[in-house]
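Visitor: Take this structure, written in structure tokens, and hold onto it; I'll ask about it next.
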Amino acid sequence: MASTEAASNRHRERKTPKRPQSKLAEHWTTVDGLDVFYRESPTPPPGAPVVMHVHGFGLSGHYLLPTAELLADDFHTLVPDLPGFGRSARRTRAEGLTLSSLAEAAVRFLDDRGIEKATLVGNSMGCPVICEFGNTYPDRLERAVLVSPAGGYHNQPLARAMVQLARDGGREPKRMMRVAAPDYLKFGVASTVKMFGALTRYPTLERLLSLPVPIIAVIGDRDPLIPAPTRVHEVVSHVDTDVTVVVIEGAAHAINFSHPGELSHIIRQFMADEPITDDPDSPGETKVIEIHRGAPRHSSDEG
């Protein structure tokens, strides 16, 4: 036991930078014997809803911080690095890199924090993780915010997905590379192939539409990794699901990083069951267009 604890402490020392990356409080915990790094609202509002942000493929929670920080005073905000990503430890290169195991890790992290139910905000791969989470643990999911959901037919085969990812890189803010590059390098080639294969095979849309909670999907009209907004509208308009889809004009894939003001505004409105509108305080010419609203929200049903 002592040797395990000493090894854990050495891992944490190696992975902890000298300067904090965020205005959120930075912590470590141990989940199923693994060191897990996470960020949290420094002083969560008493009784505030829990909102956990779930990162994308090959990345840590670092690039989610621009949006998470803007929500930290309104919600009990959590931004973990899932096991195998970012600063958190991994069991082996062969284990833990499936969407079901990541969903299990997410619920085990909430167990560790003593949290029974949460709203999950995911980007890219984080969206299929949320779909797995919600379908496997429906009583643990309050709401789902799916930003640039990846996976499924549009990202197949793997070569096509890699081309899409490369194209997206040229559409993201240049500063995104400084945040993403260290995470991608740490994740490694072998893990990339394994995880990307699982992601592209995952039926994201089908699982999304089966979630038993209010859902909002936020997409950018310049995102090459998802179908065009017109195609998304065509698909979801035929289902009677509690889902709202909005488009942020000018956004690519990493909306949590590139458009945090607009996205945090949308999330606040969604959490309050308010109509989705553009944020007049966000810079630039970003507009939000609601292209589909499904069944009435739960709060409306109760009224």
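None of the figures in this text is laboratory data; all of them are computed from the coordinates on show. Note that the structure is predicted; figures quoted are calculated from it, not measured. Cβ sites come from the backbone with ideal geometry, for glycine too, and all protein chains shown count toward neighbours.
Visitor: Determine, for His53, His62, His259, the number of other Cβ atoms within 10 Å of each Cβ, and report the residues in order from fewest to most.
Guide: Working: His53 25, His62 20, His259 29.
Lowest to highest Cβ neighbour count: His62, His53, His259.
Visitor: In whole Hz, what ³J(HN,Hα) sequence does region 263-272 give by Karplus (6.51, -1.76, 1.60; θ = phi - 60°), x for Gly and Pro?
Guide: 5, 5, 5, 4, 5, 4, 5, 4, 5, 9
Visitor: For Glu142, what residues show an amide H to amide H distance below 5 Å, using hydrogens built from the backbone and excluding near sequence neighbours?
Guide: Those lying under 5 Å, H to H, from Glu142 are Ala118, Thr119, Leu120.
Visitor: Quick check: pseudo-label points 7 Å beyond the Cα along Cα→Cβ at Asp32 and Met162, how many nm apart are they?
Guide: 2.9 nm
Visitor: Hey, another quick one. Count the net charge of all other residues whose Cβ sits under 15 Å from the Cβ of Met162, scoring Lys and Arg as +1 and Asp and Glu as -1. Could you put the intermediate results ahead of the total?
Guide: Details: positive: Arg160, Arg167, Lys194, Arg201; negative: Asp168.
It works out to a net charge of +3.
Visitor: For a quick check: with amide H placed at 1.01 Å from N, whose amide H comes under 5 Å from Lys287's, ignoring anything fewer than 5 positions away on the same chain?
Guide: Hits under the 5 Å cutoff: Glu249.
Visitor: Cut-off is 10 Å between beta-carbons; in what order do Asp74, Asp111 appear when sorted fewest neighbours first? Please list the in-between numbers first.
Guide: Numbers: Asp74 18, Asp111 13.
By the 10 Å Cβ count, ascending, the order reads Asp111, Asp74.
Visitor: Report the net charge of residues surrounding Pro128, where surrounding means a beta-carbon distance below 14 angstrom and charges are Lys +1, Arg +1, Asp -1, Glu -1. Spell out each step's value before the answer.
Guide: On the way: positive: Arg201, Arg207; negative: Glu104, Glu132, Glu206.
Computed value for this residue: -1.
Visitor: Follow-up question, since we're still on this one. Just to be sure I understand the model, the point goes 7 Å from the Cα along the line to the Cβ. What's the resulting Ser100 to Glu274 distance in nm?
Guide: Computed distance between label sites Ser100 and Glu274 equals 4.1 nm.
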